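Structure record follows, encoded as structure tokens.
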Amino acid sequence: MYAGIDIGGTSIKYGIVASDGEIKQQSSTPTNPTSGKDAIIDQLQGIVRKLSTETESVGVGFPSVVNPKDGCVYHPPNLPGWGIVPLVELLQSVSPVPVAVDNDANVAAYAEAALGAGKNDSHFLYITLGTGVGGGIIVNHRIFTGERGGGGECGHILINVDAEPEEDTVMSFRTGTLEEAVGRHGLIRMAQRIARQYPDSLLHHVAELDVKDISDAAVRHDKAALACLERAGKLLGLGLCSMLAILDMRVVVVGGGVSQSHPIFLDTARQMLKTRSLPTIAPEAEIRPARFGSTAGLVGAAMLGKLHLEQH
């Protein structure tokens, strides 16, 4: 059995997973990011102590760049005050079994590589569409981390040179990125802008607009909602065309809650791959839904730990 820990800005999911991906035990606890770095590390060490008595390895998915050379996590955006922390060392110090840590999107990608939609492919791009846009690159069935652990940051592909920050708080490096366009907040802003052109849109009657409301309105043939998701699909498709060209890949596995929107979203992205990808890629380019949903991080972390055990 293998332990997996999926750390998010809101909750920490953890459990025990069999080699075939079946979750045998699962629990969660609030992350409480405002409690501070030391309190969260204490909490994680307690979870690792408990899980390592019942498993052969511990794998962790963490929401930041994780440098494989030094085992440090770097500036997690949803965990204020962390900076640079030697998380592998801190967790390994309380565990009698091997501990492995990687970026949360990378471990979700590895779940798909080991057991999911990409298990029969040696190379593919994984992208997760949710509050943000994350990604993982699988090369020869393994996670490609880049030189310092930052490989696969799909959300930071630049798609709009003329973009201006939506808010004063948006950092300049995020302006014009794929994440700002098709992440949850970007989609909501896009829908609100487009809805102004459609006075009869159902979107005007939703108090706290969310992606599900946009998708539900599209199902009801709302023109503003359909136009929003089609536009988002085009932007996603363009971003994917660039990534596939750089990586010489043809398969994209897509997960995350936003990917469950009305089919016009991913169908439009697929059409963009066919019409805008390189001729060597376009005929075989495809977008597949991920096998794992909300459990991708937990299963992928456990499989990462299993891989780490096998390699050491």
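Could we say that ARG231 is at pLDDT 95 or above, of a type outside the set (Phe, Trp, Tyr) and surrounded by 19 or more Cβ atoms within 10 Å (Cβ to Cβ) here? Yes, satisfied.
Scanning region 6-21 for residues that are under 15 Å from THR55 (Cβ atoms) and either among the hydroxyl-bearing types (Ser, Thr, Tyr) or not assigned by TED's automatic domain parsing to the domain that holds VAL65 (or both) yields TYR14, SER19. Restricting attention to region 25-51, the residues that are on the phi < 0 side of the Ramachandran plot and over 22 Å from the mean Cα position of the chain (by Cα) add up to 16.
So, GLY146, is that one surrounded by fewer than 23 Cβ atoms within 10 Å (Cβ to Cβ) and touching a strand residue (DSSP E or B) at 6+ places or on another chain (Cβ under 6 Å) or not? Against the criterion (surrounded by fewer than 23 Cβ atoms within 10 Å (Cβ to Cβ) and touching a strand residue (DSSP E or B) at 6+ places or on another chain (Cβ under 6 Å)), GLY146 does not qualify.
Only residues that are within 30 Å of ALA18 (Cβ to Cβ), in a helix (DSSP H, G or I) and free of Cβ contacts under 8 Å to residues at least 60 places away in the same chain were counted across region 254-306, and they come to 1. The residue pairs whose first member lies in region 144-162 and is touching a residue at least 24 places away in the same chain (Cβ under 8 Å), whose second member is surrounded by 18 or more Cβ atoms within 10 Å (Cβ to Cβ) and among the charged types (D, E, K, R), and whose beta carbons are closer than 7 Å, counting only pairs six or more residues apart or on different chains, are GLY155/GLU179. If the condition is being part of a helix (DSSP H, G or I) and among the charged types (D, E, K, R), then region 179-213 contributes GLU179, GLU180, ARG184, ARG189, ARG193, LYS212, ASP213.
Inside region 278-302, residues that are farther than 21 Å from GLY130 by Cα and either among the basic types (Lys, Arg) or within 23 Å of the chain's Cα centre (by Cα) (or both) make up a count of 2.
Residue check: GLY130 meets all listed conditions (1) under 18 Å from ALA269 (Cα atoms); (2) surrounded by fewer than 24 Cβ atoms within 10 Å (Cβ to Cβ); (3) in contact with a Cys (Cβ under 9 Å, 6 or more places away or on another chain); (4) among the small types (Gly, Ala, Ser) but one, namely (3). With in the same structural domain as ILE7 (by TED's automatic domain parsing), touching a Phe, Trp or Tyr at 6+ places or on another chain (Cβ under 6 Å) and charged (D, E, K, R) as the only criterion, which of LYS37, LYS50, LYS69 stands out? Checking each option against the conditions leaves just LYS37.
The single condition from (1) in contact with a Cys (Cβ under 9 Å, 6 or more places away or on another chain); (2) under 18 Å from GLU147 (Cα atoms) that ASN103 fails is (1). Quick one: is LEU244 assigned to a helix (DSSP H, G or I), over 19 Å from CYS154 (Cβ atoms) and either over 17 Å from the mean Cα position of the chain (by Cα) or not hydrophobic (A, V, I, L, M, F, W, C) (or both)? So LEU244 does not fit the description; no.
When restricted to residues that are surrounded by 15 or more Cβ atoms within 10 Å (Cβ to Cβ) and modelled with pLDDT of 85 or more, region 159-195 contains 18. Considering LYS24, LYS50, the condition of being in a strand (DSSP E or B) and charged (D, E, K, R) is satisfied by LYS24 alone.
Each residue in region 246-258 was checked for being surrounded by fewer than 20 Cβ atoms within 10 Å (Cβ to Cβ) and in contact with a helix residue (DSSP H, G or I) (Cβ under 8 Å, 6 or more places away or on another chain), and 2 of them qualify.
The values are calculated or read from the model by the stated rules, or taken from the named source; none is laboratory data. No experiment lies behind these values; they were computed from the predicted model shown. Methodologically, a virtual Cβ is constructed for each residue, glycine included, from the backbone with ideal geometry; neighbour enumeration extends over all protein chains shown.
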